[in-house]
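Reviewing the structure listed below.
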Amino acid sequence: MSTDPFFLAPVRSAFRAVATTVVPEAAGLDEGGWAEMEETIQSQLAGRPEGLRRQIRLFVRLLQWLPLFLHARRFTGLDAARRTAFLERMQRAPVTILRVGFWGLRSLVFLGYYGSRHGASATGYAAHPDGWGAGR
Amino acid sequence: MTEREVDVVVIGSGAGGGTVAQELGALARAGKRILVLEKGPRFSEEDFRGRELERAAALYADGGGFLTAQRTITLAFAHAYGGSTVVYTGTSLHPPERIIRAWDVPGIEHADVVSRSRRFAEENGVHLLEDDLLNDNNRLFRDGARAAGYLPEQFPLNLRGCKGASLCNLGCPNGAKQGTHKVQLPAAERSGVEVVTRAEVLRIEDRAVVARVSDRPPGGRGEPSNWQAGEYRIRAGIVVSCGGAIGSPALLLRSGFGERLPRLGEGFTCHPAHILVAEHARPITNFVGHPKSFYVDRAAEERFVLETCMYFPVTTAKNLTGFGADHSRLMLAFPRLQMILVLACDRAVPGNRVAVDRAGNPVVHYEFTDEVIGGLVAATRASARIFFAAGAERVHAPSADPPLIERAEADRIAERIEARHFLPGRISVSAAHLMGGCGMGRSAADSVTDGWGRVHDVPWLRVADASLFPDALEINPYLTIMALADRVAEGIRKDAGELLGRRAGG
């Protein structure tokens, strides 16, 4: 378990706003659930270069401030429909780096949510090492 | 730095390195010192239990998140005693004649390669899975493919005692998969070959390698190394690089061979792939049973191959296009999901290559050609037809926008799935068939090695892994890697007298 502070802590509110748009069920997470999600992401990136974490943090900041030019509000100030519309714009952006950046961030959200016990079990996925012998 | 001396050092223990190790067993039995250095640890079956992310982090480079320089493809390869054969599904096909002929490598004959791969297929217990062990995910593909006018074929698999855990890509918890960790490496060790794990080779020097052996990290999976942690310079009469299509070219590049070998790192191919899912109205057996039992080979005609597959929640979530409510709905339908892996048959083209950064770490450059995009789109359309023919309610197609295609739209597949929706970054592409980078050929002008894996003008340095492929194989490469590695080992045995004798005489 990592003891370093969560690398997205400085942009936590924007990250959680993105996360609940990417996985709507994440809105139902309590603080313990968010902590598990953050710990999962943190530990997966533990061995990666610091520059990568910096880029991700920067991209979350970009997502937070970019809507100001389109909707006169930061991302966290948008309602759910506008958040979704904005992120859909990002994933279809004509600039590859924006699409790739959003793809990376959404991958981290999926990793954090479906990598947790709660998220994985909610899908109904229940592979067992005993396979056919597990009695399903 | 600790100094050691052996006769042959083999770098890597996957399909290439494991095979070379076994096939040099005769030299070991004759008193030669054969050493295998493996970057990853030795795992037990107990290590192949637990959560998806923990296992992926222990097995895969970057936890399975190794990206190309363009960050548009995720490349999957493992570090373990047994290399990527530990995380492979066990599909075992012989190379197509048209591919080996097109490679046009002097000395490489299709009949010879197949004869060798057949020997390994037998050694690894390759067989067709019994019908009563096929799950719905595979049966639906077989029946849907037939109904849609395709020819489904059954994969021969290297399994002994498969319980159907469906966890092949995270290591088999039942030891059923007959990778090099189960067959060739134990045989090599019985012959006296030494295998050292957690040993990363930093560079190759003149008839020597420099390696760093690491301690097991606190809480880490796998056994500790059998050597003490630290740096070693290991002198050897023959060095065999078997680090795979990323590891071998990167190692040779950071060791300074790039100047004399202008083709080093070039010719990288990887069969770029999509994971497609479709939702059925009722639960099907999908995450129980072997995940990959059937395929449709349209490589020669349409530049794609379709394979059954079944992945895990995080991998699946990441590979679906989009996010939000539609994405969640599919994820929550997991017990009703059918999956197909579609692979494009790419070609070695200028620019797609393995390089290294300033620190010597591998960097893979890969741009999608129009032919690859066309192959993935054609494959996605074919898969959608198969899904609907199998009774699916809706199909998730990355190259459609929106990606969900309802059954009512089944007659508009070609219209809905189009190349213009293939936007790198919007859609997920992954690859696990990593090939090329140290291609075989005639001279340094067109290749890195000859048909025996001998690096041009460096007789003591050999390559024996998928990096030898001059172009994509267009099928799962495992048995072909073993066949070529067997040739390399044969060449080493022939040259051992001269190379090792000369070294012994100073």
Notebook entry, point to check: Only one residue in A:96, A:84 is modelled with pLDDT of 95 or more and touching a Gly at 6+ places or on another chain (Cβ under 6 Å), so which one is that?
Noted result: A:84
Next item on the list: Considering each of B:214, B:191, B:225 in turn, give the residue that is hydroxyl-bearing (Ser, Thr, Tyr) and touching a helix residue (DSSP H, G or I) at 6+ places or on another chain (Cβ under 7 Å).
Entry: B:191
Margin query: As an exercise: evaluate residue B:106 against (1) under 25 Å from residue B:315 (Cβ atoms); (2) modelled with pLDDT of 95 or more; (3) surrounded by fewer than 22 Cβ atoms within 10 Å (Cβ to Cβ) and give the number of the one condition it does not meet.
Written below: (1)
Next item on the list: Residue by residue through segment B:119-141, note down the ones that are charged (D, E, K, R) and over 14 Å from residue B:290 (Cα atoms).
Entry: B:119, B:122, B:123
Next item on the list: Could you check, for segment B:91-100, whether at least one of its residues is under 25 Å from residue B:289 (Cα atoms), away from chain A (no Cβ under 14 Å) and either at pLDDT below 95 or outside any loop (DSSP other than H, G, I, E, B) (or both)?
Entry: yes
Check: Can you name the condition, by its number, that residue B:354 falls short on among (1) crowded, with 24+ Cβ neighbours inside 10 Å; (2) assigned by TED's automatic domain parsing to the domain that holds residue B:392?
Finding: (2)
Next item on the list: List the number of the failed condition for residue B:278; all other conditions in (1) in contact with a Phe, Trp or Tyr (Cβ under 7 Å, 6 or more places away or on another chain); (2) not assigned by TED's automatic domain parsing to the domain that holds residue B:386 hold.
Entry: (2)
Note to self: I need the full set of residues from segment B:158-178 which are in a loop (DSSP other than H, G, I, E, B) and farther than 17 Å from residue B:138 by Cβ, in order please.
What the structure shows: B:160, B:161, B:171, B:172, B:173, B:174, B:175, B:178
Check: Is there a residue in segment A:32-49 that is within 12 Å of chain B (Cβ to nearest Cβ), over 24 Å from residue B:321 (Cα atoms) and touching a residue at least 60 places away in the same chain (Cβ under 8 Å)?
Finding: yes
Next item on the list: Return the only residue of B:430, B:443, B:447, B:467 being within 14 Å of chain A (Cβ to nearest Cβ) and within 30 Å of residue B:240 (Cα to Cα).
Entry: B:430
Note to self: Against the conditions (1) under 23 Å from residue A:8 (Cβ atoms); (2) at the interface with chain B (Cβ under 8 Å from one of its Cβ atoms), where does residue A:130 fall short? Just the number, please.
What the structure shows: (1)
Note to self: Quick check on my filter: what residues within segment B:122-141 are surrounded by fewer than 22 Cβ atoms within 10 Å (Cβ to Cβ) and part of a helix (DSSP H, G or I)?
What the structure shows: B:122, B:123, B:131, B:132, B:133, B:136, B:139
Note to self: Let me confirm something: among B:281, B:299, which residue is of a type in the set (A, V, I, L, M, F, W, C), out of contact with any strand residue (DSSP E or B) (no Cβ under 8 Å at 6 or more places or on another chain) and surrounded by fewer than 24 Cβ atoms within 10 Å (Cβ to Cβ)?
What the structure shows: B:281
Item checked: Single condition residue B:177 does not satisfy, out of (1) surrounded by 24 or more Cβ atoms within 10 Å (Cβ to Cβ); (2) more than 14 Å from every other protein chain (Cβ to nearest Cβ) -> (2)
Next item on the list: Provide a single number: the residues in segment B:54-90 that are on the phi > 0 side of the Ramachandran plot, surrounded by 23 or more Cβ atoms within 10 Å (Cβ to Cβ) and assigned to a helix (DSSP H, G or I).
Entry: 2
Next item on the list: Would you please name the residue that is farthest from residue B:327 (Cα to Cα), looking only at residues in segment A:105-118 that are outside any loop (DSSP other than H, G, I, E, B) and more than 7 Å from chain B (Cβ to nearest Cβ)?
Entry: A:117
Next item on the list: Hey, could you check segment A:86-101 for residues that are in contact with a helix residue (DSSP H, G or I) (Cβ under 9 Å, 6 or more places away or on another chain) and surrounded by fewer than 16 Cβ atoms within 10 Å (Cβ to Cβ) and say which is farthest from the other protein chains (Cβ to nearest Cβ)?
Entry: A:89
Check: Does segment B:255-264 contain any residue that is free of Cβ contacts under 8 Å to residues at least 60 places away in the same chain, in contact with a strand residue (DSSP E or B) (Cβ under 7 Å, 6 or more places away or on another chain) and surrounded by fewer than 16 Cβ atoms within 10 Å (Cβ to Cβ)?
Finding: no
Next item on the list: Specify the residue that is farthest from residue A:122 (Cα to Cα); the eligible residues are those in segment B:301-343 that are part of a helix (DSSP H, G or I) and away from chain A (no Cβ under 14 Å).
Entry: B:301
Notebook entry, point to check: Hey, any hits in segment B:438-461 for a residue that's in the same structural domain as residue B:18 (by TED's automatic domain parsing), modelled with pLDDT under 95 and farther than 21 Å from residue B:19 by Cβ?
Noted result: no
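Residues A:26, A:81: which one is over 20 Å from residue B:398 (Cα atoms), within 11 Å of chain B (Cβ to nearest Cβ), touching a residue at least 24 places away in the same chain (Cβ under 8 Å) and assigned to a helix (DSSP H, G or I)?
When all the criteria are applied, what remains is A:26.
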Check: Of (1) among the aliphatic types (A, V, I, L, M); (2) away from every other protein chain (no Cβ under 14 Å); (3) within 16 Å of the chain's Cα centre (by Cα), residue A:18 satisfies all except one. Which?
Finding: (2)
Margin query: Quick check on my filter: what residues within segment B:134-169 are touching a Gly at 6+ places or on another chain (Cβ under 9 Å) and hydrophobic (A, V, I, L, M, F, W, C)?
Written below: B:134, B:140, B:155, B:157, B:159, B:162, B:165, B:167, B:168
Note to self: Could you go through segment B:208-215 and let me know if any residue there is in contact (Cβ under 8 Å) with a residue 40 or more places away in the chain and either in contact with a Ser or Thr (Cβ under 6 Å, 6 or more places away or on another chain) or assigned to a loop (DSSP other than H, G, I, E, B) (or both).
What the structure shows: no
Check: Of all residues in segment A:56-73, which are on the phi < 0 side of the Ramachandran plot and free of Cβ contacts under 8 Å to residues at least 12 places away in the same chain?
Finding: A:58, A:65, A:68, A:69, A:73
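The values are calculated or read from the model by the stated rules, or taken from the named source; none is laboratory data. What you see is a predicted model, and the numbers here were worked out from it, not measured in a lab. Using ideal geometry, Cβ is built from the backbone for each residue, glycine included, and neighbour counts are taken over all protein chains shown.
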